[in-house]
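The structure appears right after this line, and notes come after that.
Quick note: the coordinates plus some simple rules give every number you see, no bench work behind them. Worth saying up front: this structure is predicted, and the values here are computed from it rather than measured. Note that we place each Cβ from the backbone using ideal geometry, even for glycine, and neighbour counts take in every protein chain shown.
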Amino acid sequence: MEEAKPKESEYLHCIRCGLCLAACPTYREYRTETASPRGRVALARKGLEGELELSPNLLEQMYGCFGCMACDDLCPVGIRPAELALSMRGVGEGIRPSRWKKWLFGGLLTHAGRLELATLPLRLYEGLGVRRLVYLLGLNRLLPAQIRDLEAMLPRIPKRPLRRVLPEVTPARSGERHRVGFFLGCAQSLLFADQSAATLRVLARNGCTVITPKEAACCGMPARGYGRMDLVREQARRNIEVFERCGVERIVTDCATCGSTLKEYGAFFAGDSGWEARARAFAEKVRDISEFLMEIPLVKPAGRVEAVVTYHDPCHLRRGQRVWRQPRSLLGLIDGLELVELPEADWCCGSAGSQLITHYALSRKVLDRKLDNVAGTGARMLASGCPGCQMQLNTGLRRRGMPVRVVHPVTLLDEAYGGEDAE
Ligand code: SF4
Ligand code: SF4
């Protein structure tokens, strides 16, 4: 499982200018050098050059990075501290491989069926009415703050995973103009089924026959966040094979994190003569849903959504994919909708994958800044195309008692088309 260590060029030329510090959410809260991009680059260099031991303490600073990539954008000499922090986690795994990661990312996330079984208790919790009872009796208030927040983070959980409900082929309405594959992310299938169902309706309405292969695996981001590139590649190989068989012109996803990871498949196999070309061909087809919809002649929705809406840029969409105009343009197509720009819309919300669990206090502080900005807009809806951001934002809004609905931009488009009623 030995991973290639970061090359000298990835850290050596840091001139310690500090330009990246102002953009870093973790530095802003802690104000310590080790919690900054510059500090992480210096620690990585010392660790790789043998000046410091690659201790759990040192590696913890790499896990403390929220991966928002704001620093990557600012560095004048092209250092990418976010990428370096991820690679360093892989170095740590090379030294002390962890069995639970192999089980979780290799055994569970590669097989959608196993993941569905593992999350059955959550569906029973919602479906049998236990959750409703917990809230009715106020039992949630007795939980420790972090557990309470984690529970509140769960959206209304669907009775069945969407993967089980969706047909393999969703036919285009009124004539096929495009044939696209749909990459259904794990969180979308298990937690946000309504959103992806809306995405499928919007695609079909716009002349797309949609193939949703049921055997697809997780995109690989969770394993990547824990330094297990071997498992990421295992999942990537499976997804490449599955979508090759579909024969589609584009692979669309409505999850910003999945999209950002899928687009990197080519880089994950750089130098691998057996897979690089296939991975690059796959990655070139991948589009975020807003990106895809703004590429095709989109049918203007006839309905209206009367609401003041603001928009939060998921890091994996804005920086990971350079997609930020398209979701705004898409919202701009909806009559009645007033889009108010969110100050610091591209500032991380603090979700950062599992960091909202492992770095709970910091994650909350980062979220507070976002919520202050949302409050200032007066919006009653907050649109964002990433399930991780949505869960984080929802929890914070509920905690503050702010009457703001968190939605995927495509959900609003679907509503303007008439939603399920229009079918
Ligand atoms: S990716 Fe974000 S959190 Fe990590 S070092 Fe860069 S700015 Fe800081
Ligand atoms: S990582 Fe880049 S921006 Fe940050 S201190 Fe080093 S050279 Fe400057």
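Here's the list of aspartates and glutamates a cross-link from K5 could span, going by alpha-carbon distance under 20 Å and ignoring same-chain residues fewer than 8 apart: E49, E51, E53, E60, D72, E83, E93, D230, E234, E264, D272, E276. Taking L109, L59, L150 in turn, the Gaussian network model of the chain (Cα-Cα springs below 10 Å) assigns the largest fluctuation to L150. Going from the fewest other Cβ atoms within 10 Å to the most, the residues S354, S55 appear in the order S55, S354. Computed from backbone phi with θ = phi - 60° and the Karplus coefficients 6.51, -1.76 and 1.60, the 3J(HN,Hα) list for segment 336-343 is x, 7, 9, 8, 10, 5, 8, x Hz; x is used for glycine and proline.
Sequence gap at least 6, Cα distance under 8 Å: using those rules, report the relative contact order of the chain to the nearest whole percent. Kindly include the intermediate steps, with their values, before the conclusion.
Numbers: 707 pairs, mean separation 62.2, N = 423.
Relative contact order, the chain: 15 percent.
For the charge dipole of segment 336-387, defined by +1 on Lys and Arg C-beta atoms and -1 on Asp and Glu C-beta atoms about the Cα centroid, which residue among V374, H359, P387 has the Cα displaced farthest towards the positive pole? Farthest along the dipole direction, towards plus: H359. Only aspartates and glutamates eight or more places from K365 in sequence, or on another chain, were considered; those with a Cα closer than 13 Å are E29. Sparsely packed loop sites in segment 1-106 (the GluC sites (Glu not before Pro) outside DSSP H, G, I, E and B with at most 13 other Cβ atoms within 10 Å) comprise E2, E49, E51, E53.
Hey, what's the Cα Rg ratio for segment 14-105 versus the globular rule of thumb, 2.2 N^0.38 Å? List each step's numbers first, then the result.
Values: Rg = 13.3 Å, N = 92, 2.2 N^0.38 = 12.3 Å.
Rg over 2.2 N^0.38 Å, computed on Cα atoms: 1.08.
Listed from fewest to most Cβ neighbours within 10 Å, the set W103, W347, W324 follows the order W103, W324, W347.
What ranking do 183-192, 281-290, 363-372 get when scored by the average of other Cβ atoms within 10 Å per residue, highest first?
Numbers: 183-192: 24.1, 281-290: 22.1, 363-372: 20.3.
Highest-to-lowest ranking by the protection proxy: 183-192, 281-290, 363-372.
Close amide H partners of G181, meaning residues 5 or more places away or on another chain with modelled amide H under 5 Å apart, are I211, E249, R250, I251, V252.
Applying 1/(1 + (r/R0)^6) with r as the Cβ-Cβ distance of R141 and E53 and R0 = 41 angstrom yields a FRET efficiency of 0.40. If both residues of a DSSP beta bridge must be in the chain, then about 10% of such bridges are antiparallel.
Straight-line reach from K7: taking Cα to Cα under 18 Å and skipping same-chain neighbours fewer than 8 places apart, the lysines in range are K46. With the gyration tensor restricted to C-alpha atoms of segment 162-294, the semi-axes of the equivalent ellipsoid amount to 25, 16, 12 Å, longest first. Taking a label point 7 Å from the Cα of E151 along the Cα→Cβ vector, which residues of segment 176-193 have an amide N closer than 20 Å to it? Inside the label zone: 191. For the peptides 36-43, 134-141, 73-80, 237-244, residues were scored by their other Cβ atoms within 10 Å and the scores averaged per peptide; the highest-first order is 36-43, 237-244, 73-80, 134-141.
For the chain, the orientation-averaged shadow of the C-alpha convex hull comes to 20.4 nm² (one quarter of the hull surface). Relative to one another, the C-alpha centroids of segment 295-317 and segment 224-285 are positioned 27 Å apart. Annotation: amide H of L337 within the under-5 Å range of V305, A307, sequence separation 5 or more or interchain, hydrogens built in the peptide plane.
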